[in-house]
Structure formats: structure tokens, C-alpha cells
1. Averaged across orientations, what area in nm² does the convex hull of the alpha carbons in region 8-164 project?
2. Tilt of helix 17-34 relative to the longest C-alpha principal axis of the chain, in degrees (0 to 90, nearest 10)?
3. Restricting to bridges with both residues inside region 8-164, how much of the DSSP beta-bridge set is antiparallel, in percent to the nearest 5?
4. Could you identify which residue out of 146, 52, 40 has the top mean-square fluctuation in a GNM of the chain using Cα springs shorter than 10 Å?
5. Step by step: find N for region 1-98, compute 2.2 N^0.38 Å, then divide the Cα radius of gyration by it. What's the final number?
6. Do the sum for the chain: with -39,500 (n - 2.57) for every DSSP H run of n ≥ 4, divided by all residues, what is the mean residue ellipticity at 222 nm, to the nearest 500 deg cm²/dmol?
7. Take each of the peptides 147-158, 17-28, average the number of other beta-carbon atoms within 10 Å over its residues, and list them starting from the highest.
8. Compute a Gaussian network model of the chain, connecting alpha carbons closer than 10 Å, and tell me which residue from 45, 126, 67 fluctuates the most.
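Coordinate-derived values only; no laboratory data. Model, not experiment: these values are computed from the prediction. No Cβ is skipped: glycine too gets one built from the backbone with ideal geometry, and neighbour counts run over all protein chains shown.
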């Protein structure tokens, strides 16, 4: 139960009701899919999750995606995340965001981004390729990110501009 509700407090504090429902469904469905025995009895839950969130609400986040604790997704519409993307703890994503790959590499599969801990991702952001977004970073709205972002930086614009979050550096 702790696994299923690990994002609840963070979403509750943000009064993010859609995020609460999505993350509880995502965590529960991921657990069911990981256990073949559970799939025999609860197969309808993953089907309902896909129908409600993927088809009706526009969340395209595969159940294989690794998402850390305290994940917050605001508005959710148009959010597309590659299944091989790894997302750290305490990450916030806003609407119409794509996190994915540029290419499929033969025999290596998809080369997806890795998002660090405590990252804020604005609306209409595109993050593509085998890159890393460092811990404590902010990706501004409307930004196209095609190269790695160091920890503690703000990234914004197109092409991107890097600025340290703490100007004392």
C-alpha cells in the first residue's frame, strides 16, 4: 500500500486531484502488471487505466516507465513519456510535455533521457535523446532540450540557455 500511495501527500498538498488519481492508478496498475498471478484476477484494472488515462485524458506514460517517489503531474493532457525514461524523486511535470528518444539504435533499443531528483519541468517542454537532466534543475516552459543539463541549472528558450539556479556559482 505504501508503494501505491507514495505520491499522494505531494499531490494532496498541491491540490492536484487529477494527479492523485492518475498516480494511484499508475502505481496500482504497475504492481498488477509486474505480477502474473495478480493479472489473472485483476486484469480489468490495467485495461481501465489505459482507457481512462491514455485514451480519454491524453496521458501517454507506459507502465514500464521508472518514476521515483513524489511525482507530480499537473494537467496531464498531451504528456508523452518514453517507456525507457527514468524519472527521479520529487519531479513535477506540466501539460503537453514530451520526454522521449530521437532514434532507435539497433540492438540497444531506445536511448531515453534520465531525469534527476527535484526537477521542475514546465509546460510544452520537449526533452529528447540519451541525455541527463541533473538534480535540482528547472526546465522552462516551451524549451527544447537536446543536450544534458547539469545539476542546479535553469534551462529555458529555444535554443536553450543555461543559467545557474543559485547565482553565487
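1. Details: hull surface 38.0 nm².
Answer in nm², one decimal: 9.5.
2. 60
3. Details: 6 of 30 bridges.
So the antiparallel bridges amount to about 20 percent of the total.
4. In this elastic network of the chain, the residue with the biggest mean-square fluctuation among 146, 52, 40 is 40.
5. Values: Rg = 12.6 Å, N = 98, 2.2 N^0.38 = 12.6 Å.
It is 1.01.
6. On the way: 4 runs with 37 residues, N = 169.
Helix contribution divided over all residues of the chain: -6000 deg cm²/dmol.
7. Values: 147-158: 16.3, 17-28: 18.8.
My ranking of the peptides, most packed first, is 17-28, 147-158.
8. Result: 45 has the largest fluctuation of those listed.
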